[in-house]
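Just below is one structure, and these are the notes that go with it.
The numbers here are math on the coordinates, done by the rules we state, and not lab data. This structure is a prediction, so every number in the text was calculated from the model and none was measured. Reconstructed Cβ throughout: ideal geometry from the backbone, glycine too, with neighbour counts over all protein chains shown.
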């Protein structure tokens, strides 16, 4: 490896090796990279959310969003490992790798992007960046790595690696630098991702359906389907585990695997076109649900994350063998103090466990407090047939048991499907009585309560000395359907050691269950029988309609304080989302503009009959939406009616003239009868012969 000190630069604790840099950035986002460099030089990570919202630039969002790190932050990388990040770019995931690993070596073509990476991580001491083409650097790499990453990089192999089969060559060359039990991590879009069928442009080319059509108009970049990627890895003599980031690998908030695939109704956030306009061809959530039911989700996942290893490896002591991730969910649309990941993992014996991990330095205290909440709830629930899931703190995470059984939500859904509505109501009432059984304090608001729930609830009502406000039905696990007296609280993250009205906790559990099931049989039954379930649970109308919704709103605002939601970013980004129906409707309108309906009458008063029409096809200019018509008339025609469109519009008559024997006369001029049956916007003919009127749907212009 070349390390000529004349071509070594330092930015804080980060080393930039320019020995392989040819003086030209072969990949650039132009002025946006200047903006990014300025941002990271003058702001720390805590300011990035505000910069993303303020800039409204996809490049800023893509490179600075903390969510980018989710694609690697759940992996079992530890401080004994070295990482090679090929195509590190502006360092979107470098920081996460640096936090987890002993050392990170980055390779990137661009000096500007490498400077951005170095500036944003200048306080790190374990990052080295080599600037240059991997093709030239790879033969001189003089160490092996426990983890090598290709995050959004493999698809460009044709451009930067070359050769007869650049994609296979890239994988082989990268994998040759793994330790005996090392892992190659690949993140890439799925060529057959559902979003491309649903109307998103191909990410790399900006063209509709380009990947689906085999990149027939593109050179230098391509993605693969699941089977194509599997064959590629097989050709490199590698075995692989596939993961499925949702909604894609760029900004994932959930990552599934073959051992934990999504269930129906889980994939419900599909408008994520922050970077480009899109058409909505169909409801992706509904189509995903059908694919899931038919066992076809894996082929249509929008992205893949692949963990690959050499097929002939002998050592089984890697962290990737001891703890294999099965599923990850990222709760990152929160204030930095509460951002965490929940990960299900599996050991070499197939035993599963769950851990919650801090996603920021500020959220470490939140993770550490979970064990204290476990101890307090254990004492509170003792003797009531309820117990919190056992947990054990460990560094930046807390481990919980992976329990099997059926959640209260799942059980209620089963009862709903079988029409056992009275039983459903009984189960819910029993649960409410259980919560009330250990709520033996009289509620009095304190300062901490007001800070979070900021409402004038007043005094009175029952409360527990420790309050888990998130006792929703999906958090309650029954051991099985025959032993429902024993309940376990799966998640107790939102537990407070001050009084909270138990009726609010009951309200939340019922509200979040019914909100997703407004058309369910149970809800119809409640309506048809006149049952007020809230009232039957002791919740007053004022609590249900005013006080508790306001408390919940306040809690959510507290939770998301100083955070920009991704829904808001989608609204403010300068991109369009248009339904297929709207596209077709607009196209039909413009298409119909070429052939307006023209009727004639042989009577001066204009007695127009449906059968008296003239077929005419005009010349339509879509740029200025102008239409030119030439209508041939016989001598007996005394009146003409033109219906310009079949929808409401404004019609501007630029010129209407009658030509006979080589002479032309303006029909809008003196001596001619010209009228509209819409609303005339310009009462007089303009000097250039133009006349403007508004036409209702089906209205006509009469000459």
>> Ranking request for peptides 225-231, 661-667: highest mean number of other beta-carbon atoms within 10 Å first, then the rest in descending order.
In response: 225-231, 661-667
>> How much of the DSSP bridge set in the chain is antiparallel, in percent, rounded to the nearest 5?
In response: 75 percent
> Tell me, what is the percent relative contact order of the chain, built from C-alpha pairs under 8 Å that lie six or more residues apart?
Replying inline: 9 percent
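Do the sum for the chain: with -39,500 (n - 2.57) for every DSSP H run of n ≥ 4, divided by all residues, what is the mean residue ellipticity at 222 nm, to the nearest 500 deg cm²/dmol?
That comes out to -8000 deg cm²/dmol.
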> For the stretch 91-247, what proportion of DSSP beta bridges, expressed in % and rounded to the nearest 5, is antiparallel?
Replying inline: 10 percent
>> Show me the ranking of peptides 89-96, 253-260 by mean Cβ neighbours inside 10 Å, starting with the highest.
In response: 89-96, 253-260
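Given the peptides 415-428, 147-160, 330-343, arrange them by the average over their residues of other C-beta atoms within 10 Å, most packed first.
In descending order of packing, they fall as 147-160, 330-343, 415-428.
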> Using the count of nearby Cβ atoms within 10 Å as a rough guide to exposure, how do 446, 391 rank from fewest to most?
Replying inline: 446, 391
> Looking at [x] 309; [y] 194; [z] 249, which value of volume of the Cα convex hull per residue in Å³ comes from a calculation on the structure shown?
Replying inline: [z]
> Helix 421-437 versus the longest principal axis of the chain: what angle, 0 to 90°, nearest 10, using Cα atoms?
Replying inline: 50 degrees
> What does the stretch 505-545 give for Rg and for Dmax, in Å, if only its C-alpha atoms count?
Replying inline: 10.2, 27
> What order do you get for 396, 294 when you list them from fewest to most C-beta neighbours inside 10 Å?
Replying inline: 294, 396
